[in-house]
1. Excluding ligands and nucleic acids, what accessible area in Å² is computed for TRP137 using a 1.4 Å probe, to the nearest 10?
2. Could you look at region 162-314 and say what percent of its accessible area is carbon and sulfur, using a 1.4 Å probe and all protein chains?
3. At 1.4 Å probe size, put LEU185, LEU304 in order of accessible surface, largest to smallest.
4. Accessible area of LYS232, 1.4 Å probe, to the nearest 10 Å²?
5. Taking the Cα-to-Cβ direction at SER209 and at GLU274 and moving 7 Å from each Cα, how far apart do the two end points lie in nm?
6. For PHE56, tell me the accessible area in Å² from a 1.4 Å probe, rounded to the nearest 10.
7. Counting only C-alpha contacts under 8 Å and six or more residues apart, can you give the relative contact order of region 51-166 as a whole percent?
8. Roll a 1.4 Å probe over the protein chains and send me the accessible area per residue for region 78-228 in Å².
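The values are calculated or read from the model by the stated rules, or taken from the named source; none is laboratory data. Since the structure is predicted, the reported quantities are computational estimates derived from the model, not experimental observations. For neighbour counting, all protein chains shown are included, and Cβ atoms are generated from backbone atoms with ideal geometry for every residue, glycine included. Only protein heavy atoms, including side chains, enter the accessible area calculation; ligands, DNA and RNA are left aside. Shrake-Rupley method; radii C 1.70, N 1.55, O 1.52, S 1.80 Å.
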Amino acid sequence: MRKSIALLISPIILAFSGCETWNAKNAPTPEVASPTEWSSGDDTGAPILDAWLSDFDSPELDALVDEALESNPSVLASLAALDAAFFNARISGARVYPTINADGSAGRRLSNTALGQDLYSSSADASVGVSWEIDIWGRLRDSANAADSEFAASEAGYQFTRLSLAANVARTWIQAIAAKKQLDLAERTYALWEDNVEIINSRFERGISTALELQLIRSDAFSRLSSVAFNKDNLDETIRSLELLLGRYPAGVLEVPEEFPTIEPSIPAGLPSELLERRPDIIQATAQLEASAYRQAFSHKNRLPSFALTGSLG
């Protein structure tokens, strides 16, 4: 008899002991040794600036970034995922509270008696039910915490998408200006070689230059013309890439300024290593790790019995 009782109690004891080890907060945090200062330069303790886009002092770039943040499909998809994670967190959090169900119906029926008279009968019923699962093991709380961490990860992912998009727009915009300058340089170089062709051709007609010299100068001019076509294609491709980031149809009609923007403040030296902790992708990965730990604890506690209080009134 004692052996039978011991066999029945031992799985419950093992389950209880397992609950204590599977805690979401037990997830190890890797330690990374980071330098306390730069290998060169003095630590000036410069403050961290958030409004990096304003350093370009370019209203055109500001307008392009605003347009991209409002119309880019990746940002819109990330925002939709954030909304879904928010409502999922609310649903998961509501499971720790009692659930109330109400139902009601009413009807009226006509029947004939043996004497041929009409008989009307009416009926109505209503019921209210209440159920509440007692979260003894913390299973529902782990599910709610996992949903909250997933929402935090989605929020950080949304911020990372916005930040990456703004950086890509600024980089592509700078590349478009550089491509335009390269095209302008190639066109001016080709114009100079065309002038040289005219000079050598004039000398050839007067018998001063040879046919070989004329052929060589024309070959060099044609090579410069191919450079013009290459840079023109490069500019068109860069503009179309920028239009895709803006959520536009890539028609290649975006106007690009002639000059680069002027960046007033210089990048300070001695930035702290804690700057990495503000990266949205790192925040997202940390929240996802925390959510996985909670999900792991939730799955483990699903093997334990659940207790619920139910009641109804009709």
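1. 60
2. 56
3. Putting LEU185, LEU304 in descending order of accessible area: LEU185, LEU304.
4. 110
5. Inter-label distance under the simple model: 6.9 nm.
6. Around 30 Å² of this residue is reachable by solvent.
7. Normalised by residue count, the contact order of region 51-166 is 35 percent.
8. 63
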